[in-house]
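Read the structure below first, then the notes.
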Amino acid sequence: MNTIFTPNKNHLQTKEQIGYVTRQQATEDDYRRIGFMSGLEVHQQLDTKEKLFCHCPCGVFHKNGAYDAEIIRHMRPAMSELGGYDGTALMEFKTRKNIIYRINNETACTYEIDDTPPFRINQEALGIALRISLLCKLNIVGEVHITRKQYLDGSIPTGFQRTAILGVNGQIQLSNKKVNLIQLSIEEDSCREISDVGHERYYKTDRLGTPLIETVTAPELNTPDELREAAEYIRFLNRSTGLVRTGMGAGREDVNVSCKGGSRVEIKGVAHNKWIPELSHNEAFRQWALLNIRKLLIERIQKEDWSIHTLELDYHDYNFTYSPLIECKEKEHQIIAVNLPEFKGLLSHFTQPNQNFADEIAQRLKVIACIEHPNLVHSEQEEELLSKEDFGKMLAKLGSNSNDAQLIIWGAKEDIPTAIETIKERCKMVFDGVPNETRKSLPDGTTIFERVLPGADRMYPDTDSAPIPLSDEYINNLGKDLPNDICERINQMNEWGVPKDSHHFILSKDLYPIIKEIADRFQFDPKSTAIFFGHTYKNIIGKYSIHPEFNYRKLVGLFKFIHDQELHPNITRYLFPILYQNPSMDFASMLISLKFKKRSLAELIAPIDFLEEKFKDLHPSENSENASHWIMGQLHRQAIGNIELRELRINIDKRLN
């Protein structure tokens, strides 16, 4: 007896069929089962005054409408010396995009648009990148060779990025394993995308050319949590130099993920490390789902026997009620029905949370054919967007069989051939498994198609730039006074007994050297000092606006003042908000603003007897423990900066008992 096919039921069944579990439920056995494998490309902007190959300023950003000129460019692929075309170039050519760059005179020059050869590489940036390479225990190259890496999505006006490998074969130490680093490169950053709608993509060039390093790990990270730990480690390592930019967009990761039998898929430009576990988890299971779709399809038909059938639908023959289809008549758009032989049950097959295989097709239609969402309806949607009568009429004209699936797409006449070719191409890919591609991350932990993964032969020598020899003396000088390893900092904090929930904030803000200096110079307890920075400082900066003149050396000065005045460091939590907002104010004035008065222990505990009697008058039925709390509340503010509050409480309890 045949069961009635319902898309939602099929979606849930296929989700169960591939053994999908949420990341919260997943175990190491789940990742071993699907052969989870991943690596990172960590990008980090360097804190330099000028760009990498010209003298334009870095770190100056403009609003989208602040520009002095626009330049329009188009992608035209050229045959390589080997007689082939790059897949990404062909894809971008199909889009017929107008790539529009908005240029501000303050932050761009003729170099950015390839009208001027590159200047000599920024020596400040090169020195910073080499110091970080040494921290990564990489083998430094003897000579820097600048190459061109094809960038075919339009984010660099020249169509290529100048880049150079500085070190190879390094490693980092995670909590449970060592991870090899393949290389570290220095390169120029790309443009910032403003919008990408239809056939027009807008960029602004203020970020273009900013010095950037790329640290590449080996594909040795076997769980999403290992992946995040490695990303955080490299982030902390970069920040430990104090020579990199921070803030939105200054650091970002490309996450390469595959599963057993899958392919390398690159999740591009992940801005937040906390997103990495969910993204990599879902991507590995997406590939696992695509492999199941392949298995189901090749059991039904072979690739060489498979082909689509298309049919243009006439508005007058159908009673469309779905608004995008109704609007096609007014816009003079074509409506095309597509039959997919033997695809029944595959369009609603689970791929990611809230996505199915039909979304894989829709995403490519948006990117390659430039048809904005919504851009298709299909035969396995839960919601009926086409009446049964219209659907039956379409099936008859297509000559569909019961095991087929159907799509309806629409768009401008000039976009339809590309759309049909895109559907055919993506469906044919099912027979081969998982396509190599670049995907864009979404905040919910899922991804969408961005473009075809560039070919391996995308780099070639830059004939405009001479090789740069690196002497041993130069490298040795750069290697002096390097910060200690992140793993050493973590071990030291563990020895101090610093709570683990403080580690991330301390390392991300590069506060460890400040804590160490304060503890060493002024003999303050390192655990208490670290807890102040990891908890109190974190809370304070979340509440107050920072003054532009504030810096970490002001904090060292504050602790020196507390030490010299023989104050208890618990007063720091009250002085710091003042310092944070008024860094030029002298510390003595801060004490006055707090109405602080230096008192001895004897002076502090002298009022206890009086306060005890007062408490009895106010609360005659209360016990001594409540009295201790109340008296502590009366005296604790006077004790701050004078003694440890615990010591005051002990003295109160002794006096009352």
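The values are calculated or read from the model by the stated rules, or taken from the named source; none is laboratory data. Everything quoted here is computed from the prediction, not taken from an experiment. So basically every Cβ, Gly included, is an ideal-geometry build from the backbone, and we count neighbours across all protein chains shown. Ligands, DNA and RNA are excluded from the accessible area calculation, which covers all protein heavy atoms including side chains. Shrake-Rupley method; radii C 1.70, N 1.55, O 1.52, S 1.80 Å.
Can you name every residue in the stretch 253-269 that is surrounded by fewer than 23 Cβ atoms within 10 Å (Cβ to Cβ) and within 11 Å of the chain's Cα centre (by Cα)? Scanning the stretch 253-269 gives Asp254, Lys268, Gly269. Arg294 fulfils the conditions (1) under 20 Å from the mean Cα position of the chain (by Cα); (2) of a type in the set (Lys, Arg); (3) assigned to a helix (DSSP H, G or I) except for a single criterion, (1). Here is the figure for the stretch 102-130: residues that are buried (at least 18 other Cβ atoms within 10 Å of the Cβ) and of a type in the set (Lys, Arg) total 1. Note on the stretch 217-252: residues that are open to solvent by less than 10 Å² (accessible area, probe 1.4 Å) and either at pLDDT below 95 or among the charged types (D, E, K, R) (or both) amount to 1.
Anything in the stretch 125-149 that is of a type in the set (D, E, K, R) and touching a Lys or Arg at 6+ places or on another chain (Cβ under 7 Å)? List them, or say none. Steps first, answer last, please.
Kept after step one, since they are of a type in the set (D, E, K, R), are these residues of the stretch 125-149: 131, 137, 143, 148-149.
Of everything in the stretch 125-149, those that are of a type in the set (D, E, K, R) and touching a Lys or Arg at 6+ places or on another chain (Cβ under 7 Å) turn out to be Arg148, Lys149.
Scanning the stretch 373-382 for residues that are modelled with pLDDT under 95 and charged (D, E, K, R) turns up just one, Glu382. Within the stretch 131-155, the residues that satisfy the criterion of being open to solvent by 40 Å² or more (accessible area, probe 1.4 Å) and of a type outside the set (D, E, K, R) are Leu134, Asn139, Ile140, Gly142, His145, Gln150. Restricting attention to the stretch 274-299 and to residues that are out of contact with any Leu (no Cβ under 9 Å at 6 or more places or on another chain) and without any contact (Cβ under 8 Å) to a residue 60 or more places away in the chain, the residue that is nearest to Met248 (Cα to Cα) turns out to be Lys274. If you go through the stretch 140-182 and pick out every residue that is out of contact with any Asp or Glu (no Cβ under 8 Å at 6 or more places or on another chain), under 21 Å from Ile121 (Cα atoms) and in a strand (DSSP E or B), you end up with 8. For the stretch 57-67, the criterion of being at pLDDT 95 or above and either open to solvent by 40 Å² or more (accessible area, probe 1.4 Å) or out of contact with any Gly (no Cβ under 9 Å at 6 or more places or on another chain) (or both) is met by at least one residue.
Quickly run through the stretch 270-289 and pick out the residues that are open to solvent by 10 Å² or more (accessible area, probe 1.4 Å), under 25 Å from Asp153 (Cβ atoms) and either of a type in the set (Lys, Arg) or touching a helix residue (DSSP H, G or I) at 6+ places or on another chain (Cβ under 7 Å) (or both). I'd like the intermediate steps shown before the answer.
Our first condition is that a residue be open to solvent by 10 Å² or more (accessible area, probe 1.4 Å); within the stretch 270-289, this holds for 271-275, 278, 288.
Subsequent filtering for residues that are under 25 Å from Asp153 (Cβ atoms) retains 271-273, 275, 278.
Across the stretch 270-289, the qualifying residue is only Asn273.
Taking the stretch 518-539 as the search range and keeping residues that are charged (D, E, K, R) and crowded, with 16+ Cβ neighbours inside 10 Å, which one is farthest from Thr246 (Cα to Cα)? Looking at residues that are charged (D, E, K, R) and crowded, with 16+ Cβ neighbours inside 10 Å, I get Lys527.
Residue pairs whose Cβ atoms lie under 8 Å apart, separated by 6 or more positions or on different chains, with the first residue in the stretch 300-326 and more than 17 Å from Leu386 (Cα to Cα) and among the small types (Gly, Ala, Ser) and the second outside any helix (DSSP H, G or I) and at pLDDT 90 or above, are Ser307/Pro341.
Suppose we keep only residues that are among the polar types (S, T, N, Q) and under 55 Å from the mean Cα position of the chain (by Cα) within the stretch 590-623. Which one would you say is farthest from Leu567 (Cα to Cα)? Talk me through it step by step, then tell me what you get.
Filtering the stretch 590-623 for residues among the polar types (S, T, N, Q) gives 593, 600, 621, 623.
Going one step further and asking which of them are under 55 Å from the mean Cα position of the chain (by Cα), we end up with 593, 600.
Values: Ser593: 16, Ser600: 11 Å.
The selected residue is Ser593.
Close Cβ contacts (under 8 Å, 6 or more residues apart or on different chains) running from residues in the stretch 478-491 that are more than 17 Å from Pro526 (Cα to Cα) to residues that are hydrophobic (A, V, I, L, M, F, W, C) and open to solvent by 30 Å² or more (accessible area, probe 1.4 Å) comprise Leu478/Leu134; Gly479/Leu134; Leu482/Leu134.
Does Pro353 qualify as being within 25 Å of Lys440 (Cβ to Cβ) and not hydroxyl-bearing (Ser, Thr, Tyr)? Yes.
May I ask you to list the residues in the stretch 239-259 that are polar (S, T, N, Q) and outside any loop (DSSP other than H, G, I, E, B)? Talk me through it step by step, then tell me what you get.
Filtering the stretch 239-259 for residues polar (S, T, N, Q) gives 240-241, 246, 256, 258.
Listed by number, the residues that qualify are Asn256, Ser258.
Among the residues making up the stretch 195-238, those that are part of a strand (DSSP E or B) and either over 30 Å from Leu365 (Cα atoms) or of a type in the set (D, E, K, R) (or both) are Asp196, Glu200, Arg201, Lys204, Pro211, Leu212, Ile213, Glu214, Thr215, Val216, Thr217, Leu221. Figure legend. Inter-residue proximity from the stretch 371-387: first residues under 13 Å from Cys328 (Cβ atoms) and without any contact (Cβ under 8 Å) to a residue 60 or more places away in the chain, second residues part of a loop (DSSP other than H, G, I, E, B) and not aliphatic (A, V, I, L, M), beta-carbon distance below 8 Å, spacing 6+ or different chains. Indicated pairs: Ile371/Asp415; Val377/Tyr322. The strands (runs of 3 or more DSSP E) found entirely in the stretch 404-511 that carry 1 or more residues being over 29 Å from Glu253 (Cα atoms), modelled with pLDDT of 95 or more and open to solvent by less than 80 Å² (accessible area, probe 1.4 Å) are 405-411. When restricted to residues that are in contact with a Ser or Thr (Cβ under 8 Å, 6 or more places away or on another chain) and in a helix (DSSP H, G or I), the stretch 645-657 contains 4. Listed here are the strands (runs of 3 or more DSSP E) enclosed by the stretch 1-114 that have at least 3 residues being polar (S, T, N, Q): 37-45. Working only within the stretch 228-243, note down all residues that are out of contact with any Pro (no Cβ under 7 Å at 6 or more places or on another chain) and within 30 Å of Ala284 (Cβ to Cβ). Passing the criteria: Glu229, Ala230, Ala231, Glu232, Tyr233, Ile234, Arg235, Phe236, Leu237, Asn238, Arg239. With respect to (1) modelled with pLDDT of 95 or more; (2) within 30 Å of His504 (Cβ to Cβ); (3) open to solvent by 20 Å² or more (accessible area, probe 1.4 Å), the lone exception for Lys295 is condition (2).
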